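Input: a single structure, listed below in structure tokens.
The numbers here are math on the coordinates, done by the rules we state, and not lab data. Just so it is clear, the structure is predicted and the values come from calculations on it, not from any experiment. All Cβ positions, glycine included, derive from the backbone under ideal geometry; neighbour counts span all protein chains shown.
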Amino acid sequence: MRIWLPLQRLVSARYFFEFSSRILPWLGWVTLLILLTGLGWGLFYAPTDYQQGESYRIIFIHVPSAWMSMFAYMVMAGCSAIFLIWRIRIMDLFATSTAPIGASFTLIALATGSLWGRPMWGTYWVWDARLTSELILLFLYFGVMALRAAIDEPRRQGRAVALLTLLGVVNIPVIHFSVEWWNTLHQPASITKAAAPSIHLSMLIPLLLMALGFTLLYLYMALQRTQGAIIEQEIDSTWLQERLSNNTIETEGGTGK
Amino acid sequence: MKTRHRRLLFITAGVLALTGATLLVLNAFRSNLVFFHTPTEVAEGTAPLEQLIRIGGMVEENSVEKTSESLHVSFRVTDFDHSITVTYDGVLPDLFREGQGVVAEGRLRDSVFVADRVLAKHDENYMPPEVAAMKLDEKAQNTPKKYYK
């Protein structure tokens, strides 16, 4: 039971708030550093592609955001399952905070893919299995957000949304394996396959850097949003009142004199 | 059994059942979900030839014929078992070249595929031009050896 104590603390809103306040500034700077390094490396230092020339550089945005669109959904589904089983409220808040971020990543993946598709494939959009299932993912995110907005009572809201999220999880393996199960216009995976990656090391390193940067960016934004949600829900509790008034005194002291 | 154990079991079973059901449905629709048919499917008659279809494969080496005064182009699409001649009037995408993947949308008329639209299919390989040239060299050096063996 003792091992569980730190975890139990973390899942209480108060300790989650304290914990994320402490790591958020660090996380922010590390994220920025990695993203700038990855972007600079990918856009200026990485060599051009033998077939696509410079246009291939969109993968440094497209691939990480497509990964994150699925990763964020898996996190959301995991939180929803934990919330439904153990009724840990912070999980519901974290899942809520994830939905718009995941939707943004999905939108970026779709938009960048479309812009790349026009010169390379010769079309902005085709209804192949990969593109269609990714579009369904976007609608799932919208559905989750809309359902939450449609229910006023907080307890029912959390449960209904968690259930919908879990129903949608079936789309994730479909997106991932679509390029193997069916003939698609979208190319198969270059990296997440059993054999060696079919992308040259000089392009792989900045791509992995960008993937790491996007993951940290997601965590940063999700923690930030969850803090906001905690403030909104716990605004009447004494610990938060104290905490917030402390903050104000500190900043006033800093700027006033 | 505790309530939360029952919930854990219920949710796990639910997600697994749903995943299973979806995969079965997708498997049943497999042939309808394909984006393109292969030249072999066309040759064997398993592709729905009476309607507008897409065929996909490699552009056969040395098969592209262009005319200088119009956009008319003809080439052969192959899956290395069968191949089809495709004709097309229009602008080809950047990635269209011999030995690369292609998807053509149109109809089969007298064993020639008349395309309304041609899309290039990119493969999953990304590398700098020097590396690509080196790989070609290796290929060229390795090929004669096979004949000696």
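What does the net charge come to around B:Ile84 if you take all other residues with beta carbon closer than 11 Å to its beta carbon, with K and R at +1 and D and E at -1?
Here the charged neighbours net out to -2.
Positive end of the charge dipole of region A:1-114 (Lys, Arg +1 and Asp, Glu -1 on Cβ, about the Cα centre): tell me which of A:Ala99, A:Gly38, A:Trp86 has its Cα farthest that way.
Towards the positive end, the residue furthest out is A:Trp86.
Please state the shape class of region A:100-167: rounded when a/c is under 1.5, otherwise prolate if a/b exceeds b/c and oblate if not, all from the C-alpha gyration tensor.
Verdict is prolate for region A:100-167.
Using alpha-carbon pairs under 8 Å, 6+ residues apart, how would you state the relative contact order of chain A in percent?
30 percent
Say we join alpha carbon atoms closer than 10 Å with springs in a Gaussian network model of chain A; which of A:Gly143, A:Gly122, A:Gly40 then has the biggest fluctuation?
Top of the fluctuation ranking is A:Gly122.
Which of rounded, prolate or oblate describes region B:28-83 when judged by the alpha-carbon gyration tensor and an a/c cut-off of 1.5?
prolate
Evaluate the Kirkwood expression for the hydrodynamic radius of chain B, namely the inverse of the mean inverse distance over all pairs of different C-alpha atoms, and round to one decimal in Å.
19.1 Å
Along the charge dipole of the protein assembly as shown, pointing to its positive end and built from +1/-1 on Cβ of Lys, Arg, Asp and Glu, which listed residue (A:Phe214, A:Ile231, B:Thr85) has its Cα farthest out?
The listed residue farthest towards the positive side: A:Ile231.
In a GNM of chain A with a 10 Å cut-off on Cα contacts, which of A:Asp92, A:Asp49, A:Asp236 has the highest mean-square fluctuation?
A:Asp236
For the pair A:Phe44 and B:Glu98, how long in nm is the line joining their label points, each one 7 Å along Cα→Cβ?
The modelled label-to-label distance comes out at 4.1 nm.
I need the calculated FRET efficiency for the pair A:Leu135 and A:Ile23, taking r as the beta carbon distance and R₀ as 30 Å, to the nearest 0.05.
0.30
Who wins for biggest fluctuation among B:Leu95, B:Leu24, B:Leu108 in a Gaussian network model of chain B, springs between alpha carbons below 10 Å?
B:Leu24
Determine the shielding of peptide A:114-121 by partner chains: average, over its residues, the number of Cβ atoms on other chains within 10 angstrom of each Cβ.
For this peptide, the per-residue mean of nearby foreign Cβ atoms is 4.
Normalised by the residues of region B:1-126, what does the relative contact order come to in percent, with Cα pairs under 8 Å and at least six apart?
20 percent
Treating only the Cβ of Lys, Arg, Asp and Glu as charged (+1, +1, -1, -1), what charge dipole size does the protein assembly as shown show about its Cα centre? Round to the nearest 20 debye.
1880 debye
Using only Cα atoms, figure out Rg for region A:143-250 and give it as a multiple of 2.2 N^0.38 Å.
1.63
Would you work out which of B:Val102, B:Thr3, B:Thr38 lies farthest towards the positive end of the dipole of region B:1-127? Charges go on Cβ: Lys and Arg +1, Asp and Glu -1.
Of the listed residues, the answer is B:Thr3.
Nothing charged except the Cβ atoms of Lys and Arg (+1) and of Asp and Glu (-1): what's the magnitude of the dipole of region B:35-121 about its Cα centre? Round to the nearest 20 debye.
Computed about the Cα centre, the dipole is about 200 debye.
When the convex hull of the Cα atoms of chain A is projected onto a plane and the area is averaged over all directions, what value comes out in nm²?
With every direction weighted equally, the projected area is 18.1 nm².
Could you compute the FRET efficiency for B:Leu71 and A:Arg156, with r as their C-beta to C-beta distance and R0 at 41 Å, rounded to 0.05?
0.10
Could you check the spin-label model distance between B:Glu44 and B:Lys135? Points 7 Å from the Cα along Cα→Cβ, value in nm.
Using points 7 Å along Cα→Cβ, the separation is 2.9 nm.
Hey, how many Å between the Cα centroid of region B:63-134 and the Cα centroid of region A:139-173?
After rounding, the separation between the Cα centres reads 44 Å.
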